[in-house]
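Following: one structure in structure tokens, then a few remarks.
Read the figures in this text as sums done on the coordinates, not as results from a lab. No experiment lies behind these values; they were computed from the predicted model shown.
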Amino acid sequence: MSSLLVAYASQLPYAFAKQHHLVFDGIYLLQTAKTSLAAIREAQRILGPLAVKLVDSAELEKQLQLRYQKGADSALDIVSSLEDDQFLALVMHYLKLKNC
């Protein structure tokens with residue numbers, strides 16, 4: 001799998017994480033009391049089955065800053081800025097190349 005896809009797969013898009021109060025810390029899917037079950041399910045669909053851990057809003061905000069505070073040149077920032085359709089197009093392109 002390309003390093004671009006690996007970088008994307010290891011993290012949720014920032015806008016989704018911020019809006020739905022979810023952060024993947026590398027082990028747990030961190031959530032707050034504000035996180036909806038639908039958002040958790042969508043995150044698990046994207047990242048795979050993960051254990052969920054309840055944290056307070058301050059801890060989640062700290063983790064958001066820690067996880068997404070990278071330079072503009074990082075692959076994560078580049079991929080996170082893509083629209084979902086662009087990411088899906090990238091995945092489809094990769095799958096076509098792999099199946100050739």
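A simple rule links phi to the HN-Hα coupling: the Karplus curve 6.51 cos²θ - 1.76 cosθ + 1.60 with θ = phi - 60°, which for segment 42-53 gives 5, 4, 5, 5, 6, 9, x, x, 9, 6, 9, 10 Hz, with x for Gly and Pro. Taking amide hydrogens as placed 1.01 Å from N in the peptide plane, the amide H of Leu30 sits under 5 Å from those of Val23, Phe24, Asp25, Lys53, each at least 5 positions away in sequence or on another chain. Fully extending the segment from Tyr28 to Lys53, taken as 0.36 nm per residue of separation minus the present Cα-Cα distance, adds 8.4 nm. Phi angles across segment 20-37 convert, under the Karplus curve 6.51 cos²θ - 1.76 cosθ + 1.60 with θ = phi - 60°, into 3J(HN,Hα) values of 9, 6, 9, 9, 8, 9, x, 10, 10, 8, 7, 9, 10, 5, 7, 6, 7, 4 Hz, Gly and Pro given as x.
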